[in-house]
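Reviewing the structure listed below.
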Amino acid sequence: MDYLSEVAPCPFTDAELMELEDNDELLVYVPDGISAEQFCELFGITANVNFAVESNMIRTVMVNEAHWFVTSASKAPELIGRSGKAAKRIYEDEGLHGLDLRRYLCFCAAFKARNGYFPDQTYWSFLLSGSYDRSGVSIIGFDAWGNLSHHGWMKNFEAKFCGSRYAVLAPRIELLPQTEDLARARRGISGNRGGHEANLDRGR
């Protein structure tokens, strides 16, 4: 099935891309108009999600806008033991976003292409962009048999096996001489609002 007939231009600069390996970060592309169920089919991911029922419960962002993002290349999430609510505040203070289900699936595919296995096989990760049902949050990870497990949960949940993953959106809509010097948001630098120039996150 050919979902990737045309790839949108990457808005990150060459200098930003060269930093990724040193920062242990990964560049990920999310095509527009492709559902989470189609991504699972495309990437060969077996999931416990009943998409026919839960597709209306799992809200995702930027469905109609192809986009690139940068995230940690770690096989485990960060902020383990911190609630989803606390992690979301930390990310927002740094100009960062969270993952949603579509971003997470594309991240998993990019991670496996690089490492030969899927991430989060011991841990769960909050999906802090999008939402589950009215006020819930999705938590997600792979079980011991390599199946993707998803559950709707509470944002104030915290556990020693559950963490979060950030997404850096480029601080520009397109790469132009006038925009290439805009600073991207960076994890661990509070008050860096660089990612907010491209704050396109919104529910479907």
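Could you state the number of Å between the C-alpha centres of the range 98-139 and the range 1-73?
Each part's Cα centre sits 10 Å from the other's.
For the range 23-109, report the convex hull volume of the alpha-carbon atoms normalised per residue, in Å³, without decimals.
Working: hull volume 10.7 nm³, N = 87.
Per residue, the Cα convex hull of the range 23-109 comes to 123 Å³.
Can you give the % of DSSP beta bridges in the chain that are antiparallel, to the nearest 5?
85
Once Rh for the chain is found with the Kirkwood sum over Cα pairs, what is the Stokes-Einstein diffusion coefficient at 25 °C and 0.890 mPa s, in µm²/s?
144
Where the only charges are on Cβ atoms (+1 Lys, Arg; -1 Asp, Glu), what is the dipole of the chain about its Cα centre, to the nearest 20 debye? Walk me through the numbers on the way to the answer.
On the way: 21 positive and 28 negative charges, 178 e Å.
In total the dipole reaches around 860 debye.
What's the magnitude of the charge dipole for the range 1-108 around its Cα centre, counting Lys and Arg as +1 and Asp and Glu as -1 at the beta-carbon? Answer in Debye, nearest 20.
In total the dipole reaches around 660 debye.
Ignoring any ligand, DNA or RNA, what whole percent of the accessible area of the chain comes from carbon and sulfur when the probe is 1.4 angstrom?
49
Put +1 on the Cβ of each Lys and Arg and -1 on the Cβ of each Asp and Glu in the chain; which of 18, 145, 35 then has its Cα farthest toward the positive end of the dipole?
About the Cα centre, the residue reaching furthest to the positive side is 145.
Long-range amide H contacts for residue 25: which residues qualify at under 5 Å (H placed 1.01 Å from N, peptide plane, sequence gap of 5 or more or a different chain)?
73
Relative to 2.2 N^0.38 Å, what does the C-alpha radius of gyration of the range 97-157 come to as a ratio? Two decimals please.
Taking N as the residue count of the range 97-157, the ratio is 1.12.
The values are calculated or read from the model by the stated rules, or taken from the named source; none is laboratory data. Computed from a predicted model, the values in this text were never measured in an experiment. Heads up, the Cβs are rebuilt from the backbone with ideal geometry, glycines too, and the neighbour counts pull from every protein chain shown. Side chains included, ligands, DNA and RNA excluded: accessible areas come from the protein's heavy atoms. Shrake-Rupley method; radii C 1.70, N 1.55, O 1.52, S 1.80 Å.
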